[in-house]
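Some notes on the structure that comes next.
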Amino acid sequence: MKKLKIITDNYGNNVVILPNIIFNNKQNIDWNEVECYLQRYVGELVEVIKTKDKIYIGNKFPDEYSSSKYTRKMRGARAKAKANAAQGIREMVEIATEKTFRQNHKEKHCGMLRTDGIIT
């Protein structure tokens, strides 16, 4: 898979350039299609340039990205932007900054603490 271009903006921030708009629907994004698209990244190991952390993209990632309650409610430009950002997941992980950890307290996550750098 071809890597996308990363540029630096006028403020010194790294930005991923997405060459194509692959999810075009203006009102309703087909999130199942986005999930299928993200399957291509499962099993990849991506290194964060700044921290040298290794991030493994696990098999639950496509579903988590495209099936959250928040995502399914999105419409219009915001949904289109998130769907198309799927193309640059690897590169966005590479240029990530300001590493933070926040424990998820939602009931569905009880007992599933992950601190090993795995996107599930």
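Before moving on, here are some points about what is shown:
- The stretch 49-61, residues that are closer than 15 Å to VAL93 by Cα and not small (Gly, Ala, Ser): ILE49, LYS50, THR51, LYS52, ASP53, LYS54, ILE55, TYR56, ILE57, PHE61
- Pairing each residue of the stretch 5-29 that is under 22 Å from LYS80 (Cβ atoms) with any residue that is among the aromatic types (Phe, Trp, Tyr) and surrounded by 11 or more Cβ atoms within 10 Å (Cβ to Cβ), provided the two are 6+ apart or on different chains, yields C-beta distances under 9 Å for ILE22/TYR37; PHE23/TYR37; ILE29/PHE23.
- For the residues GLU98, GLU64, GLU91, the requirement of being among the acidic types (Asp, Glu) and part of a loop (DSSP other than H, G, I, E, B) singles out GLU98.
- Residue within the stretch 68-75 that is surrounded by fewer than 11 Cβ atoms within 10 Å (Cβ to Cβ) and either within 25 Å of GLU98 (Cα to Cα) or in contact (Cβ under 8 Å) with a residue 12 or more places away in the chain (or both) present: yes
- Of all residues in the stretch 3-22, none satisfies being surrounded by 14 or more Cβ atoms within 10 Å (Cβ to Cβ), under 16 Å from the mean Cα position of the chain (by Cα) and in a helix (DSSP H, G or I).
- Among all residues of the stretch 37-53, there is none that is exposed (fewer than 12 other Cβ atoms within 10 Å of the Cβ) and either part of a helix (DSSP H, G or I) or in contact with a Leu (Cβ under 8 Å, 6 or more places away or on another chain) (or both).
Readers should treat all values here as calculations from the given coordinates under stated rules, not as data from a laboratory. All values reported here derive from a predicted model rather than from experimental measurement. Glycine gets a Cβ as well: all are built from the backbone with ideal geometry, and neighbour counts include every protein chain shown.
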